[in-house]
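**Student:** Just passing along the structure, written as structure tokens.
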Amino acid sequence: MNFEHEKRLEAEVDRELKRLPELMAPGTLILRVMRAIEMRLNLPWYRQAWQRWPIALRVVSFAVLLALFGGLCFASWKLTQLESFATAMHRVSGSFAGFGALWHALIAFVNALVLALKHLGTGFLIACFAALAFGYAVCVGVGTVYFRVGLAHR
């Protein structure tokens, strides 16, 4: 690209844009925007954002939410102390024991695969990926040829 040509083009476009007359917004647009702003300001406090609520209501709502959160945390802690909860958790964990064994086997397989790949060396891995890419390209090419020959009009 020619840098000087771009600078001249930029200056010419800038000149042409500055020559354009100022656009005026339609009168109805200004009225609609001002009405929307006024409607937003005149909403009742409970329909506005929490930051626009009266300060006393914000403090009270925050205290109520904090108490609810604390009660929920306390109730969940007490729930874990119940014997029936421990029995239910033991039953659930027993049904998922097979998934745990499967997960550990999968982790062992992945670790063995990573160790084998590290042992093979980088050059061999690059050659394998190149062979795979070449094989893929050959399959795509041969498939394209077969497709064109199959659809050719005789």
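**Student:** Considering the dipole of the chain built from charges on the beta carbon (Lys and Arg +1, Asp and Glu -1) around the Cα centre, which of 51, 142, 85 is farthest to its positive end?
**Tutor:** Ranked along the dipole, the leading option is 85.
**Student:** Quick one: what are the phi-derived ³J(HN,Hα) couplings along region 83-98, Karplus 6.51/-1.76/1.60 with θ = phi - 60°, whole Hz, x for glycine and proline?
**Tutor:** 5, 5, 5, 5, 5, 4, 5, 5, 5, 5, 5, x, 6, 9, 5, x
**Student:** Taking 0.36 nm per intervening residue step and subtracting the Cα-Cα distance, what contour gain separates residue 119 from residue 16 on full extension?
**Tutor:** Here the segment from residue 119 to residue 16 would lengthen by 30.4 nm.
**Student:** Right, something else. Taking H placed 1.01 Å from N in the peptide plane, check which residues at least 5 places from residue 53 or on another chain put their amide H under 5 Å from its amide H.
**Tutor:** Counting only residues 5 or more places away or on other chains, the set is empty.
**Student:** Let me ask you something else. Suppose the chain between residue 35 and residue 92 were pulled fully straight at 0.36 nm per residue; how much longer would it get relative to their current alpha carbon spacing?
**Tutor:** Taking residue 35 through residue 92 to full extension adds about 14.6 nm, to one decimal.
**Student:** If you don't mind, another one. Can you show me the helix-derived [θ] at 222 nm for the chain, built from DSSP H runs with n ≥ 4 at -39,500 (n - 2.57) apiece and divided by the number of residues, rounded to the nearest 500. Mind showing how you got there, number by number?
**Tutor:** Working: 6 runs with 126 residues, N = 154.
Value at 222 nm, helices only: -28500 deg cm²/dmol.
Just so you know, all these numbers are worked out from the coordinates, no wet-lab data involved. Source: prediction; values computed, not measured. Methodologically, a virtual Cβ is constructed for each residue, glycine included, from the backbone with ideal geometry; neighbour enumeration extends over all protein chains shown.
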